[in-house]
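Each reported figure results from applying straightforward, stated rules to the coordinates on display, with no laboratory input. Since this is a predicted model, take the numbers as computed values, not measurements. Glycine gets a Cβ as well: all are built from the backbone with ideal geometry, and neighbour counts include every protein chain shown.
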Amino acid sequence: MREIDAALSQADFPSSRKDDVLTALSEACLNAIEHGNRLDNSRRVKVTMQDRDAAIVFRVHDQGRGFELPRTEAGGARMKEKWGESNPRGWGLFLISLLADDVRVMKNEDGQFYLEIHFGKNGKRVDAHAK
Amino acid sequence: MRMQNNGFEVQYRGFERGIIIDLQGDLTKQAEEILLHSRNWENGLDDGKNHLILNFSRVPYINSSGIATLIRIVRAGTKGNYHTFAYGLSSHYEKLFRMVGLTEYMMIYPDEYAVMQRIAG
C-alpha cells in the first residue's frame, strides 16, 4: 500500500480520496486472497495501476474463477439485509462499490479474472466506459 | 483487564454506568476472537450497566472483518440492553461506519470527555 500511496501522490490524484483508494484496494486484495485464491499460499494476487486522463484505474488479479458482483443500486436494501444476517460478513465488496466510482469483474485474454476499480481525478466521478 | 491476540489487544475499564474498551492494534479478523468470543454480548454488560464505550484512538486500521465484528457487538446491544458509543475515529473510518450503517446504532464523539458528558447528561 505504501507504493500505491506514493504512486497516487505522483499521479496528481486528490489527497482527499487517497484513503478511499487504499481501503478499496485493501478489501479487494483481501477478497482475492481469501475467495479468489482460497487462501492458497502458492497463488498470487497482482495489482496494477493505470493513470488515465480522467481516472486512476486499478486491476486486482487473482487466480480464481471470478464471481458475480452483487447488485449495489439497491444499496440501502442490501445493507439492511446484511444487518439481519446472523454473521454479517461480506462488507468488503459493499465498501469497494461505495468508495470507488466504478467496479467491474473482467476477464483478460488468458481467461483470468480481475476486479477493475475506477477512481476519478479532480473529485469527479467517472463512467468506466469513458476513456 | 487486558486481552491480546496477534498484536491486537483490548483493555476493559469500568465506570459507574458502563464499561470502556480501549482497543489497540489493527481491527481485523484476528480481533474477532478477543472481542466476540470473550463474552456473550447479548447477555448485556456486567452489573446492570448499560453504556458501552469503544476507544478507537489506538486503532490504525480497520477492515471489513473488523467492521463485521463491530456490527455484531453493536447489534447485540438491543438484546443486551446497552447503548454503544465510540471515540477516537478518523474522519475516514467515521465515513466507513456511516456507509455500513453503524452510525445508526453507535454514537460517535471526538473524545472520551465528550462521551462521558453525553452519558452524564
field: 18 Å Cα-Cα reach of B:K29 towards aspartates and glutamates, excluding residues that sit fewer than 8 places from it in its own chain
entry: A:E27, A:E34, A:D40, A:E85, B:E9
message: Tell me the relative contact order for chain B as a rounded percent, counting alpha carbon contacts under 8 Å between residues six or more apart.
response: 22
query: Just going by the charge dipole of the protein assembly as shown, with Lys and Arg at +1 and Asp and Glu at -1 on Cβ, which of B:P60, A:S9, A:G111 is farthest out on the positive end?
result: A:G111
task: Using Cα positions and a limit of under 18 Å, work out the aspartates and glutamates in reach of A:K107, with same-chain residues fewer than 8 apart set aside.
output: A:D62, A:E68, A:E116
message: Rounded to two decimal places and with Rh computed the Kirkwood way over Cα pairs, what is Rg over Rh for the protein assembly as shown?
response: 1.00
statement: Straight-line reach check, A:K121, cutoff 21 Å on alpha carbons, 8 or more apart in-chain or any other chain, hits among lysines -> A:K18, A:K131, B:K95
Net charge dipole size for chain B [Lys, Arg +1 and Asp, Glu -1 on Cβ; Debye, nearest 20]: 200
Charge dipole magnitude, Cβ of K and R +1, D and E -1 - the protein assembly as shown, Cα centre, debye nearest 20: 280
- prompt: What percent of all Cα-Cα pairs in region B:51-113 falls in each 5 Å bin, counting up from 0?
  reply: 4, 18, 32, 29, 14, 3, 0
More than 22 Å apart - percent of Cα-Cα pairs taken over chain B: 26
